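The values are calculated or read from the model by the stated rules, or taken from the named source; none is laboratory data. These numbers were taken from a predicted model, which means no experiment stands behind them. Glycine also receives a Cβ, built like all others from the backbone with ideal geometry; neighbour counts cover every protein chain displayed.
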Amino acid sequence: MGDDHNNRVPIIGVARHRLAVDGQGVTTLVAFHGCTLRCRYCLNAQCLRANGFSRTITPAELIDEVMIDNLYFLATGGGITFGGGEPAIRSEFIDAFCRLAPSEWHITLETALNADRHHLERLLPHVHQYIIDIKDVNPDIYRRYTGHDNQRVLENLRWLLSHDGMAERIVVRVPHIPDYNTDADVNRSREYLDALGICHIDEFTYRRMERE
Ligand code: SF4
(Lines give C-alpha, C1' and ligand atoms only; values in the text may rest on other atoms or scores of the structure.)
Protein backbone atom coordinates (compact mmCIF):
# COMPACT_ATOMS: atom_id res chain seq x y z
CA MET A 1 0.00 0.00 0.00
CA GLY A 2 2.55 2.55 1.21
CA ASP A 3 4.86 1.88 -1.74
CA ASP A 4 2.33 3.05 -4.34
CA HIS A 5 4.20 6.04 -5.71
CA ASN A 6 1.71 6.37 -8.57
CA ASN A 7 -1.29 6.99 -6.33
CA ARG A 8 -2.72 10.12 -8.00
CA VAL A 9 -4.82 12.46 -5.84
CA PRO A 10 -6.53 15.82 -6.43
CA ILE A 11 -5.07 18.90 -4.73
CA ILE A 12 -6.24 22.48 -4.48
CA GLY A 13 -2.71 23.84 -4.28
CA VAL A 14 0.88 23.87 -3.02
CA ALA A 15 2.09 26.99 -1.17
CA ARG A 16 5.82 27.49 -0.53
CA HIS A 17 7.87 29.52 1.95
CA ARG A 18 5.42 29.67 4.82
CA LEU A 19 7.12 30.78 8.02
CA ALA A 20 5.57 30.27 11.46
CA VAL A 21 2.11 29.82 9.94
CA ASP A 22 1.62 26.13 10.52
CA GLY A 23 4.30 23.75 11.66
CA GLN A 24 7.84 24.76 12.59
CA GLY A 25 10.45 26.46 10.40
CA VAL A 26 9.88 27.08 6.71
CA THR A 27 7.03 24.94 5.48
CA THR A 28 5.35 24.07 2.24
CA LEU A 29 1.60 23.58 2.54
CA VAL A 30 0.04 20.85 0.42
CA ALA A 31 -3.75 21.31 0.38
CA PHE A 32 -5.74 18.25 -0.65
CA HIS A 33 -9.12 18.35 -2.31
CA GLY A 34 -11.98 16.60 -0.52
CA CYS A 35 -13.25 16.57 3.06
CA THR A 36 -15.41 14.43 5.31
CA LEU A 37 -17.17 17.50 6.76
CA ARG A 38 -19.36 20.30 5.46
CA CYS A 39 -18.54 23.23 7.74
CA ARG A 40 -20.82 26.20 7.34
CA TYR A 41 -17.95 28.73 7.16
CA CYS A 42 -15.45 26.59 5.25
CA LEU A 43 -12.65 28.85 4.03
CA ASN A 44 -11.61 26.36 1.37
CA ALA A 45 -15.02 25.63 -0.08
CA GLN A 46 -13.47 24.63 -3.40
CA CYS A 47 -12.24 21.46 -1.71
CA LEU A 48 -15.90 20.48 -1.25
CA ARG A 49 -16.94 20.98 -4.88
CA ALA A 50 -16.54 17.95 -7.15
CA ASN A 51 -14.43 19.87 -9.69
CA GLY A 52 -12.82 22.25 -7.20
CA PHE A 53 -9.27 20.90 -7.50
CA SER A 54 -6.47 22.54 -9.49
CA ARG A 55 -4.67 19.36 -10.57
CA THR A 56 -3.83 15.81 -9.60
CA ILE A 57 -0.41 14.67 -8.41
CA THR A 58 1.46 11.52 -7.35
CA PRO A 59 3.75 11.24 -4.30
CA ALA A 60 6.82 11.04 -6.55
CA GLU A 61 5.76 14.14 -8.50
CA LEU A 62 5.15 16.03 -5.27
CA ILE A 63 8.61 15.08 -3.98
CA ASP A 64 10.15 16.45 -7.18
CA GLU A 65 8.18 19.68 -6.76
CA VAL A 66 8.84 20.38 -3.08
CA MET A 67 12.49 19.24 -3.12
CA ILE A 68 13.45 22.72 -4.33
CA ASP A 69 13.13 23.92 -0.71
CA ASN A 70 15.08 21.08 0.83
CA LEU A 71 17.86 23.37 2.09
CA TYR A 72 15.34 25.71 3.73
CA PHE A 73 13.66 22.75 5.43
CA LEU A 74 16.97 21.38 6.69
CA ALA A 75 18.25 24.78 7.87
CA THR A 76 15.08 25.75 9.76
CA GLY A 77 13.74 22.38 10.95
CA GLY A 78 10.79 22.86 8.64
CA GLY A 79 9.10 20.61 6.12
CA ILE A 80 5.70 19.78 4.78
CA THR A 81 2.30 20.64 6.19
CA PHE A 82 -0.57 18.57 4.81
CA GLY A 83 -3.92 20.35 4.92
CA GLY A 84 -6.97 20.73 2.78
CA GLY A 85 -9.66 19.64 2.80
CA GLU A 86 -9.03 16.70 5.08
CA PRO A 87 -5.50 15.33 4.68
CA ALA A 88 -6.06 12.32 6.94
CA ILE A 89 -8.18 10.60 4.28
CA ARG A 90 -5.11 10.81 1.96
CA SER A 91 -3.06 8.60 4.27
CA GLU A 92 -1.98 6.26 1.50
CA PHE A 93 -0.57 9.16 -0.48
CA ILE A 94 1.15 10.72 2.55
CA ASP A 95 2.60 7.36 3.55
CA ALA A 96 4.12 6.88 0.08
CA PHE A 97 5.36 10.49 0.03
CA CYS A 98 7.05 10.24 3.43
CA ARG A 99 8.82 7.04 2.44
CA LEU A 100 10.42 9.00 -0.41
CA ALA A 101 11.10 12.21 1.55
CA PRO A 102 14.31 12.99 3.50
CA SER A 103 13.79 11.77 7.07
CA GLU A 104 14.76 15.21 8.47
CA TRP A 105 11.68 16.90 7.05
CA HIS A 106 9.19 17.87 9.71
CA ILE A 107 5.73 16.61 8.80
CA THR A 108 2.64 18.41 10.11
CA LEU A 109 -0.97 17.32 9.68
CA GLU A 110 -3.66 20.02 9.81
CA THR A 111 -6.76 17.96 10.36
CA ALA A 112 -10.29 17.93 11.75
CA LEU A 113 -9.57 14.31 12.79
CA ASN A 114 -12.93 13.07 11.50
CA ALA A 115 -11.47 10.13 9.59
CA ASP A 116 -11.40 6.35 9.96
CA ARG A 117 -8.82 5.08 12.44
CA HIS A 118 -6.93 3.05 9.83
CA HIS A 119 -5.87 6.33 8.23
CA LEU A 120 -4.45 7.64 11.50
CA GLU A 121 -2.65 4.36 12.13
CA ARG A 122 -1.00 4.61 8.72
CA LEU A 123 0.02 8.23 9.35
CA LEU A 124 1.31 7.73 12.89
CA PRO A 125 4.92 6.76 11.97
CA HIS A 126 5.30 9.82 9.74
CA VAL A 127 3.58 12.77 11.43
CA HIS A 128 5.60 14.87 13.89
CA GLN A 129 2.95 17.44 14.74
CA TYR A 130 -0.85 17.50 14.63
CA ILE A 131 -2.86 20.71 14.38
CA ILE A 132 -6.40 19.64 15.12
CA ASP A 133 -9.43 21.84 14.53
CA ILE A 134 -11.85 20.38 17.04
CA LYS A 135 -14.78 22.73 16.14
CA ASP A 136 -16.76 22.19 19.37
CA VAL A 137 -16.80 19.11 21.60
CA ASN A 138 -20.57 19.46 22.09
CA PRO A 139 -22.08 16.93 19.64
CA ASP A 140 -25.15 19.04 18.89
CA ILE A 141 -23.11 22.15 18.05
CA TYR A 142 -20.69 20.07 16.02
CA ARG A 143 -23.48 18.47 14.03
CA ARG A 144 -25.22 21.78 13.33
CA TYR A 145 -21.96 23.34 12.17
CA THR A 146 -20.39 20.45 10.21
CA GLY A 147 -23.38 18.27 9.34
CA HIS A 148 -21.63 15.31 10.98
CA ASP A 149 -21.13 13.48 14.25
CA ASN A 150 -18.03 14.14 16.40
CA GLN A 151 -17.83 10.83 18.24
CA ARG A 152 -15.09 9.60 15.88
CA VAL A 153 -13.11 12.82 16.43
CA LEU A 154 -13.08 12.47 20.19
CA GLU A 155 -12.24 8.75 20.00
CA ASN A 156 -9.39 9.50 17.60
CA LEU A 157 -8.07 12.22 19.89
CA ARG A 158 -8.06 9.84 22.85
CA TRP A 159 -6.34 7.21 20.73
CA LEU A 160 -3.63 9.65 19.66
CA LEU A 161 -3.08 10.69 23.26
CA SER A 162 -2.58 7.06 24.28
CA HIS A 163 0.85 7.24 22.58
CA ASP A 164 3.80 8.34 24.72
CA GLY A 165 4.73 12.01 24.43
CA MET A 166 1.86 12.73 22.06
CA ALA A 167 0.35 15.60 24.08
CA GLU A 168 3.46 17.70 23.31
CA ARG A 169 2.99 17.14 19.59
CA ILE A 170 -0.66 18.20 19.38
CA VAL A 171 -2.11 21.69 19.05
CA VAL A 172 -5.89 21.76 19.31
CA ARG A 173 -7.60 24.73 17.72
CA VAL A 174 -10.79 25.73 19.52
CA PRO A 175 -12.85 28.19 17.48
CA HIS A 176 -15.47 30.68 18.50
CA ILE A 177 -18.05 29.97 15.79
CA PRO A 178 -20.39 32.95 15.33
CA ASP A 179 -24.05 31.90 15.61
CA TYR A 180 -23.10 28.31 16.48
CA ASN A 181 -21.33 28.37 19.87
CA THR A 182 -20.97 30.76 22.79
CA ASP A 183 -18.04 31.74 25.00
CA ALA A 184 -19.40 29.30 27.58
CA ASP A 185 -19.39 26.50 24.96
CA VAL A 186 -15.78 27.31 24.08
CA ASN A 187 -14.84 27.18 27.76
CA ARG A 188 -16.53 23.78 28.05
CA SER A 189 -14.49 22.53 25.09
CA ARG A 190 -11.33 23.83 26.75
CA GLU A 191 -12.18 22.12 30.03
CA TYR A 192 -12.82 18.85 28.20
CA LEU A 193 -9.45 19.12 26.43
CA ASP A 194 -7.63 20.09 29.62
CA ALA A 195 -9.03 17.00 31.29
CA LEU A 196 -7.68 14.86 28.45
CA GLY A 197 -4.20 16.31 29.00
CA ILE A 198 -4.03 18.57 25.95
CA CYS A 199 -1.41 21.23 26.74
CA HIS A 200 -1.44 23.37 23.57
CA ILE A 201 -4.78 25.03 22.85
CA ASP A 202 -5.21 27.75 20.25
CA GLU A 203 -8.44 29.68 20.74
CA PHE A 204 -9.56 31.85 17.83
CA THR A 205 -12.64 33.09 15.98
CA TYR A 206 -14.01 31.92 12.64
CA ARG A 207 -15.08 34.48 10.11
CA ARG A 208 -18.81 34.35 9.55
CA MET A 209 -19.08 33.36 5.91
CA GLU A 210 -21.94 31.10 4.91
CA ARG A 211 -21.19 28.59 2.16
CA GLU A 212 -23.38 28.68 -0.94
S1 SF4 B 1 -12.94 20.54 7.95
FE2 SF4 B 1 -11.96 22.30 6.97
S3 SF4 B 1 -11.95 21.84 4.77
FE4 SF4 B 1 -13.42 20.44 5.75
S5 SF4 B 1 -15.41 21.46 5.52
FE6 SF4 B 1 -14.56 22.02 7.53
S7 SF4 B 1 -13.44 23.96 7.19
FE8 SF4 B 1 -13.81 23.01 5.17
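Restricting attention to segment 41-62 and to residues that are more than 25 Å from Asn150 (Cβ to Cβ) and crowded, with 19+ Cβ neighbours inside 10 Å, the residue that is farthest from the ligand (Cβ to nearest atom) turns out to be Pro59. In segment 121-132, is there at least one residue being within 14 Å of the chain's Cα centre (by Cα), part of a helix (DSSP H, G or I) and under 27 Å from Asp69 (Cα atoms)? Yes, the conditions are met somewhere in segment 121-132. Among residues of segment 76-91 being of a type in the set (Gly, Ala, Ser) and touching a residue at least 40 places away in the same chain (Cβ under 8 Å), the one that is farthest from the ligand (Cβ to nearest atom) is Gly77. Tell me, please, whether a residue that is within 16 Å of the ligand (Cβ to nearest atom) and in contact with a helix residue (DSSP H, G or I) (Cβ under 6 Å, 6 or more places away or on another chain) can be found in segment 10-28. Within segment 10-28 (the criterion being within 16 Å of the ligand (Cβ to nearest atom) and in contact with a helix residue (DSSP H, G or I) (Cβ under 6 Å, 6 or more places away or on another chain)), the answer is yes, since at least one residue qualifies.
Results for (1) in contact with a Lys or Arg (Cβ under 7 Å, 6 or more places away or on another chain); (2) crowded, with 21+ Cβ neighbours inside 10 Å; (3) small (Gly, Ala, Ser); (4) closer than 20 Å to Glu203 by Cα, shown as yes or no for each residue.
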site: Ser103; (1), (2), (3), (4): no, no, yes, no
site: His106; (1), (2), (3), (4): no, no, no, no
site: Thr111; (1), (2), (3), (4): no, yes, no, yes
site: Leu120; (1), (2), (3), (4): no, no, no, no
site: Leu124; (1), (2), (3), (4): no, no, no, no
site: Lys135; (1), (2), (3), (4): no, yes, no, yes
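Residues being crowded, with 19+ Cβ neighbours inside 10 Å and either touching a Phe, Trp or Tyr at 6+ places or on another chain (Cβ under 8 Å) or under 30 Å from Arg152 (Cβ atoms) (or both): count how many of those fall in segment 67-101.
Just the residues of segment 67-101 that are crowded, with 19+ Cβ neighbours inside 10 Å, to begin with: 69, 73, 78-91, 93-98, 101.
Checking which are either touching a Phe, Trp or Tyr at 6+ places or on another chain (Cβ under 8 Å) or under 30 Å from Arg152 (Cβ atoms) (or both) leaves us with 73, 78-91, 93-98, 101.
Qualifying residue count, segment 67-101: 22.
Yes/no per residue for (1) in contact with a strand residue (DSSP E or B) (Cβ under 8 Å, 6 or more places away or on another chain); (2) in a helix (DSSP H, G or I); (3) within 24 Å of Ile89 (Cβ to Cβ):
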{"residue": "Val137", "(1), (2), (3)": "no, no, yes"}
{"residue": "Leu154", "(1), (2), (3)": "no, yes, yes"}
{"residue": "Arg173", "(1), (2), (3)": "yes, no, yes"}
{"residue": "Val186", "(1), (2), (3)": "yes, yes, no"}
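Could you please let me know if Arg38 is under 26 Å from Arg207 (Cβ atoms), surrounded by fewer than 17 Cβ atoms within 10 Å (Cβ to Cβ) and modelled with pLDDT under 95?
Details: under 26 Å from Arg207 (Cβ atoms): yes; surrounded by fewer than 17 Cβ atoms within 10 Å (Cβ to Cβ): yes; modelled with pLDDT under 95: no.
Criteria not met by Arg38.
When residues in segment 92-138 are screened for being within 16 Å of the ligand (Cβ to nearest atom) and polar (S, T, N, Q), 3 of them pass.
Tally the residues that are assigned to a helix (DSSP H, G or I), away from the ligand (no atom under 16 Å from the Cβ) and among the aliphatic types (A, V, I, L, M), restricting the search to segment 156-171. Reasoning before the result, please.
Going through segment 156-171, the residues assigned to a helix (DSSP H, G or I) turn out to be 156-161, 166-169.
Next, from what is left, pick out any that are away from the ligand (no atom under 16 Å from the Cβ): 158-161, 166-169.
Filter once more, so that each one left must be among the aliphatic types (A, V, I, L, M): 160-161, 166-167.
Residues in segment 156-171 being assigned to a helix (DSSP H, G or I), away from the ligand (no atom under 16 Å from the Cβ) and among the aliphatic types (A, V, I, L, M): 4 in total.
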